[in-house]
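What follows is a single structure, written as structure tokens, with notes after it.
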Protein chains: 2
Amino acid sequence: MITASICTIGDEILIGQVVDTNSAMISRRLGETGVRTSRMISLPDDRETIISIIRNQLENNSIVITTGGLGPTKDDITKAALAALSGSTGYVMHKGQLEIVHRILSSRGLDVLDINRAQALVPDTCEVIPNQLGTAPVMVFRFPEGKFGHPAVLYALPGVPHEAEGAMDKVLEDIRSHFSLRSISHRNIMVYGMAESALSKLIAPWEDSLPPDMHLAYLPDTLKGVRLRLSVYDGDKDDEDSRLEGQIKALKAILGDMVYSDTDDTLESRIGQLLRLSGKTLSAAESCTGGEIAHLITTVAGASEYFLGSVTSYAVSVKEEVLGVPDDIIATHGVVSAEVAAAMARGVRKLTGSDYAVSTTGLAGPDGDGVNPGGTVWIGVAGPNGTITVKRSYRNDRKRNIERFSASALDELRKMIEKDLNNR
Amino acid sequence: MITASICTIGDEILIGQVVDTNSAMISRRLGETGVRTSRMISLPDDRETIISIIRNQLENNSIVITTGGLGPTKDDITKAALAALSGSTGYVMHKGQLEIVHRILSSRGLDVLDINRAQALVPDTCEVIPNQLGTAPVMVFRFPEGKFGHPAVLYALPGVPHEAEGAMDKVLEDIRSHFSLRSISHRNIMVYGMAESALSKLIAPWEDSLPPDMHLAYLPDTLKGVRLRLSVYDGDKDDEDSRLEGQIKALKAILGDMVYSDTDDTLESRIGQLLRLSGKTLSAAESCTGGEIAHLITTVAGASEYFLGSVTSYAVSVKEEVLGVPDDIIATHGVVSAEVAAAMARGVRKLTGSDYAVSTTGLAGPDGDGVNPGGTVWIGVAGPNGTITVKRSYRNDRKRNIERFSASALDELRKMIEKDLNNR
């Protein structure tokens with residue numbers, strides 16, 4: 001099997017100021033393509049170290065992917081190190097990347113300085129994959145068999161995570177066209193509402209009966225729930241697809257309405273699809289989630305077609321005066337209650353004239369309110385056929401609690417819209 | 001200077017299922033103690049690989065810290081590999097750790113199985129630091145100068161992040177008692193409003209005149225701006241601090257109000273400090289940022305003391321009816337305009353009764369509206385002394401545009417509150 005080594009370059013990683021998330025992203029994408037990651041290494045911004053480690057990795061792997069050290073400032077020296085390693089005799093200006101540099105800087109109202117232009121200069125020993133999202137291009141160095149004992153390719157990616165991620169499609173395309181890889185087929189399903197361990201126990205009989213060439217992976221995510229990825233290696237393409245389809249069908253029968261998608265959706269993109277399908281609109285009233293639910297909904301392009309708006313009511317006065325939550329409900333039941341969650345959802349539905357509304361009221365933490373511990377939330381969902389409320393408790397830090405509250409609220413909303421659609 | 005290598009062991013890291021956060025935590029703690037991390041490496045659960053890589057790291061470093069691979073299941077083989085590497089002739093039961101194993105399992109209502117007891121068995125070549133938080137102890141292997149050309153120590157820590165973190169105090173104590181360490185000092189400042197390249201040009205004269213033992217690093221972040229980190233190695237502790245202080249003071253004089261913090265703050269935590277200091281309150285009206293500004297503000301613990309709430313007005317009707325933006329302003333100037341941004345900020349300030357209000361109206365993208373391209377935003381900030389509006393343009397993807405819009409809006413708000421505080 002073709003192996004890759006992933007090298008992260010930058011002092012900021014080695015002193016622990018930044019956690020390296022690029023390596024996990026890259027190895028996941030490589031794995032889906034049929035390339036196994038043999039090693040991940042983080043290196044300092046030191047020329048001799050970079051050269052000797054990368055040479056060693058090229059001797060032991062067909063593919064080396066580096067991230068980082070390509071910035072315009074003096075501490076970024078990856079490019080010079082790779083020029084030396086590849087025996088470059090000079091730099092050439094890459095016109096396509098230079099245009100991108102100009103576009104990016106002018107869109108920010110900034111002058112293009114010499115050090116910006118230098119970002120588009122690359123060693124004459126490399127090919128370029130333009131980076132549309134940033135100023136430093138992806139450099140591709142190809143080494144013939146004679147150099148390291150086998151054909152080898154080095155991809156140097158920028159270190160900014162969304163730029164590295166944005167470059168991976170083209171990198172994987174290049175890898176597929178230059179190496180003969182084992183075939184891997186995957187199917188994903190997205191599940192919300194059950195922890196990984198409980199899920200694993202529930203589906204154990206199904207999982208244990210999988211044929212030996214099939215493998216199930218659990219990929220938990222706070223905001224998305226658990227992605228279950230079923231893979232089959234080295235099969236016949238047509239046969240693989242129908243075998244995967246059969247197993248996924250059996251799995252979905254076990255999991256019921258916890259399955260919210262059989263593609264790579266998020267809860268918020270699935271909600272967008274359902275609202276478009278039903279021609280309905282949405283609003284939100286948030287207390288403890290503080291805007292995160294509205295933020296998630298509006299990260300979906302075209303959300304303005306169905307999302308009317310939201311109110312974040314941190315102060316009680318905003319709950320009462322803007323959302324119209326009666327003060328006697330708050331006095332009787334407390335702010336963190338089913339009654340207030342329901343009144344908030346109904347209130348914002350009325351205020352905006354939306355078909356559906358979702359609400360949260362709770363305690364993100366770290367502190368509780370004397371009655372409820374931090375991590376408690378009441379969720380409300382109001383729709384054309386009524387209102388539901390649900391209580392959830394988590395024990396994470398503040399940021400994680402807000403994410404879990406938001407994802408749980410979106411999931412309750414998703415289930416109500418799906419149910420209404422099915423009963424039409 | 002004493003150097004360390006951090007080795008993370010586990011297939012789950014190499015397939016990208018888990019992001020390694022232990023290495024950053026360990027290197028940060030080492031750095032504070034005066035040990036420089038020379039390398040971070042992630043390895044698979046493979047005996048021969050573990051032995052050869054760790055031997056190589058011990059040849060090149062005085063300290064090697066491993067995490068992971070100490071679990072009770074078959075795929076965890078770190079302990080056997082280290083036993084072989086250290087020339088162990090057998091295992092011994094560590095009574096203290098065995099007591100902890102019994103305590104932890106009985107507290108969870110579980111029986112103690114042989115496989116659990118085996119967690120307290122360690123090679124006869126190591127010392128033990130008991131792990132109070134889990135079943136696998138920390139193993140300390142000391143190698144005399146003859147073995148690797150210098151005295152070397154290997155610490156094997158469990159992979160569970162809070163267990164690894166919990167073990168670090170004792171590990172650092174052991175390191176300090178066995179090595180004479182150099183000192184490292186850092187100072188950070190946080191800068192918003194200038195790209196890394198422009199910043200680098202502006203401060204080049206200052207940077208070029210830094211003494212040779214000082215090093216400046218640029219750490220850009222979409223939401224935080226640029227963190228500038230100034231480090232000095234091997235100085236006298238008192239002297240170092242005052243030399244760093246002098247340089248930071250000179251740097252801050254160059255950067256003026258672009259500097260928003262000289263500790264490790266975010267824009268939203270800095271705004272929280274400023275509002276507490278001035279006893280003022282805040283609200284927000286968001287269109288294209290869709291709740292992200294409110295979300296960022298409320299990730300700060302205690303935000304309820306100054307944040308009253310916000311309105312996300314995605315639909316024009318919500319702008320007009322909830323925020324009271326006059327329809328003739330929208331008709332004359334368009335939704336994406338200074339006039340609407342100002343009216344939204346004033347509207348939500350009045351609606352919630354807050355002292356300050358921040359607003360956004362624009363196009364997160366990918367599409368524009370025919371007049372403005374996607375990535376255009378108007379920001380409004382209203383306060384006790386008036387209202388300002390600012391236009392910004394970016395050309396990123398939707399998610400990144402929303403982040404940049406939000407950070408820019410927070411920065412304008414931060415500057416207004418700071419100015420009002422200074423003029424008091």
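Table: residues versus (1) more than 13 Å from every other protein chain (Cβ to nearest Cβ); (2) surrounded by 16 or more Cβ atoms within 10 Å (Cβ to Cβ); (3) without any contact (Cβ under 8 Å) to a residue 12 or more places away in the chain.
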{"residue": "A:P158", "(1), (2), (3)": "no, yes, no"}
{"residue": "A:E163", "(1), (2), (3)": "no, yes, no"}
{"residue": "A:E173", "(1), (2), (3)": "yes, no, yes"}
{"residue": "A:S185", "(1), (2), (3)": "yes, yes, no"}
{"residue": "A:V191", "(1), (2), (3)": "yes, yes, no"}
{"residue": "A:E196", "(1), (2), (3)": "no, no, no"}
{"residue": "A:S200", "(1), (2), (3)": "yes, no, no"}
{"residue": "A:P205", "(1), (2), (3)": "yes, no, yes"}
{"residue": "A:M214", "(1), (2), (3)": "yes, yes, no"}
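Answer yes or no: is there a residue in the stretch A:293-301 that is under 21 Å from B:E305 (Cβ atoms), touching a helix residue (DSSP H, G or I) at 6+ places or on another chain (Cβ under 7 Å) and at the interface with chain B (Cβ under 8 Å from one of its Cβ atoms).
No, the stretch A:293-301 contains no residue that is under 21 Å from B:E305 (Cβ atoms), touching a helix residue (DSSP H, G or I) at 6+ places or on another chain (Cβ under 7 Å) and at the interface with chain B (Cβ under 8 Å from one of its Cβ atoms).
In the stretch A:368-390, what residues are surrounded by fewer than 21 Cβ atoms within 10 Å (Cβ to Cβ), within 14 Å of chain B (Cβ to nearest Cβ) and either among the basic types (K, R) or in contact (Cβ under 8 Å) with a residue 12 or more places away in the chain (or both)?
If the condition is that a residue be surrounded by fewer than 21 Cβ atoms within 10 Å (Cβ to Cβ), within 14 Å of chain B (Cβ to nearest Cβ) and either among the basic types (K, R) or in contact (Cβ under 8 Å) with a residue 12 or more places away in the chain (or both), then A:D369 is the only one that fits.
Quick check: is even one residue across the stretch B:269-281 out of contact with any Leu (no Cβ under 8 Å at 6 or more places or on another chain) and either among the β-branched types (V, I, T) or within 9 Å of another protein chain (Cβ to nearest Cβ) (or both)?
no
Check whether at least one residue in the stretch A:234-252 is of a type in the set (G, A, S), buried (at least 20 other Cβ atoms within 10 Å of the Cβ) and out of contact with any Cys (no Cβ under 8 Å at 6 or more places or on another chain), and report yes or no.
So far as the stretch A:234-252 goes, no, none of its residues is of a type in the set (G, A, S), buried (at least 20 other Cβ atoms within 10 Å of the Cβ) and out of contact with any Cys (no Cβ under 8 Å at 6 or more places or on another chain).
Name the residues in the stretch A:58-74 that are surrounded by fewer than 17 Cβ atoms within 10 Å (Cβ to Cβ) and touching a residue at least 12 places away in the same chain (Cβ under 8 Å), would you?
If the condition is that a residue be surrounded by fewer than 17 Cβ atoms within 10 Å (Cβ to Cβ) and touching a residue at least 12 places away in the same chain (Cβ under 8 Å), then A:E59, A:N60 are the ones that fit.
So that you can scan it fast, the table gives a plain yes or no per residue for (1) under 29 Å from A:G365 (Cα atoms); (2) without any contact (Cβ under 8 Å) to a residue 24 or more places away in the chain:
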| residue | (1), (2) |
| --- | --- |
| A:Y218 | yes, yes |
| A:G225 | yes, no |
| A:R229 | no, no |
| A:D234 | no, no |
| A:G246 | no, yes |
| A:A253 | no, yes |
| A:M258 | yes, no |
| A:L267 | yes, no |
| A:L277 | no, no |
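Looking only at the stretch B:295-319, count how many residues are touching an Asp or Glu at 6+ places or on another chain (Cβ under 8 Å) and within 18 Å of B:I379 (Cα to Cα).
Going through the stretch B:295-319 one residue at a time, the tally reaches 7.
If a residue counts only when it is of a type in the set (D, E), which helices (runs of 4 or more DSSP H) contained entirely in the stretch B:1-80 have at least 2 such residues?
B:11-14, B:47-60
Give the stretch B:409-424 a look and list any residue that's of a type in the set (D, E) and assigned to a loop (DSSP other than H, G, I, E, B), or say none.
none
Which pairs turn up if I take residues in the stretch B:391-404 that are more than 7 Å from every other protein chain (Cβ to nearest Cβ) and look for partners that are of a type in the set (K, R) and part of a helix (DSSP H, G or I) with beta carbon separation below 8 Å, at least 6 apart in sequence or on another chain?
B:R392/B:R404
Of the residues A:G368, A:G374, A:G362, which single one is touching an Asp or Glu at 6+ places or on another chain (Cβ under 6 Å) and closer than 19 Å to B:E305 by Cα?
Going through A:G368, A:G374, A:G362 in turn, the sole match is A:G374.
Consider A:V335 carefully, then state whether it is more than 10 Å from every other protein chain (Cβ to nearest Cβ), over 14 Å from A:I417 (Cβ atoms) and either under 19 Å from the mean Cα position of the chain (by Cα) or not in a strand (DSSP E or B) (or both).
The answer is yes for A:V335.
Output yes when any residue across the stretch A:376-386 is in a helix (DSSP H, G or I) and closer than 26 Å to A:K280 by Cα, and no when none is.
Within the stretch A:376-386, not a single residue is in a helix (DSSP H, G or I) and closer than 26 Å to A:K280 by Cα.
For B:L110, all conditions in the list (1) part of a loop (DSSP other than H, G, I, E, B); (2) in contact (Cβ under 8 Å) with a residue 12 or more places away in the chain; (3) surrounded by fewer than 22 Cβ atoms within 10 Å (Cβ to Cβ); (4) touching a helix residue (DSSP H, G or I) at 6+ places or on another chain (Cβ under 9 Å) hold save one; what is the number of the exception?
In the conditions (1) part of a loop (DSSP other than H, G, I, E, B); (2) in contact (Cβ under 8 Å) with a residue 12 or more places away in the chain; (3) surrounded by fewer than 22 Cβ atoms within 10 Å (Cβ to Cβ); (4) touching a helix residue (DSSP H, G or I) at 6+ places or on another chain (Cβ under 9 Å), B:L110 misses (2) alone.
Residue by residue, here is whether (1) more than 23 Å from B:V226 (Cα to Cα); (2) in the same structural domain as B:P205 (by TED's automatic domain parsing); (3) surrounded by fewer than 24 Cβ atoms within 10 Å (Cβ to Cβ) holds:
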| residue | (1), (2), (3) |
| --- | --- |
| B:R276 | yes, no, yes |
| B:T281 | yes, no, yes |
| B:A284 | yes, no, no |
| B:G290 | yes, no, no |
| B:I297 | no, no, no |
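I'm trying to understand the selection: among the residues of the stretch A:253-268, which are small (G, A, S) and either crowded, with 17+ Cβ neighbours inside 10 Å or within 12 Å of chain B (Cβ to nearest Cβ) (or both)?
Once the filter is applied, which keeps residues that are small (G, A, S) and either crowded, with 17+ Cβ neighbours inside 10 Å or within 12 Å of chain B (Cβ to nearest Cβ) (or both), the stretch A:253-268 yields only A:S261.
Could you tell me whether A:V325 is assigned to a loop (DSSP other than H, G, I, E, B), facing another protein chain (nearest Cβ under 10 Å), in contact with a strand residue (DSSP E or B) (Cβ under 9 Å, 6 or more places away or on another chain) and crowded, with 17+ Cβ neighbours inside 10 Å?
Taking the combined requirement at face value, the residue does not satisfy it.
Please specify each residue of the stretch B:3-50 satisfying the condition of being surrounded by fewer than 17 Cβ atoms within 10 Å (Cβ to Cβ) and away from chain A (no Cβ under 11 Å).
Passing the criteria: B:R47, B:E48.
For B:G347, indicate whether it is within 14 Å of chain A (Cβ to nearest Cβ) and either among the aliphatic types (A, V, I, L, M) or in contact with a helix residue (DSSP H, G or I) (Cβ under 6 Å, 6 or more places away or on another chain) (or both).
no
Look at A:T135 and say whether it is crowded, with 17+ Cβ neighbours inside 10 Å and assigned to a loop (DSSP other than H, G, I, E, B).
Taking the combined requirement at face value, the residue satisfies it.
Restrict the check to the stretch B:351-367 and report whether at least one residue is at negative phi, of a type outside the set (K, R) and surrounded by fewer than 19 Cβ atoms within 10 Å (Cβ to Cβ).
Yes, the stretch B:351-367 contains a residue that is at negative phi, of a type outside the set (K, R) and surrounded by fewer than 19 Cβ atoms within 10 Å (Cβ to Cβ).
Given the stretch A:194-303, what strands (runs of 3 or more DSSP E) lie entirely inside it while holding 2 or more residues that are at pLDDT below 95?
Per the criteria, A:214-221, A:225-233.
A:L98 is checked against (1) touching a residue at least 24 places away in the same chain (Cβ under 8 Å); (2) more than 8 Å from chain B (Cβ to nearest Cβ); (3) in contact with a helix residue (DSSP H, G or I) (Cβ under 9 Å, 6 or more places away or on another chain) and fails just one. What number does that condition carry?
Evaluating A:L98 over (1) touching a residue at least 24 places away in the same chain (Cβ under 8 Å); (2) more than 8 Å from chain B (Cβ to nearest Cβ); (3) in contact with a helix residue (DSSP H, G or I) (Cβ under 9 Å, 6 or more places away or on another chain) leaves (1) as the failure.
The values are calculated or read from the model by the stated rules, or taken from the named source; none is laboratory data. The structure presented is a predicted model; accordingly, all values stated were derived computationally and were not measured. Every residue, glycine as well, gets a Cβ built from its backbone with ideal geometry; the counts of neighbours run over all protein chains shown.
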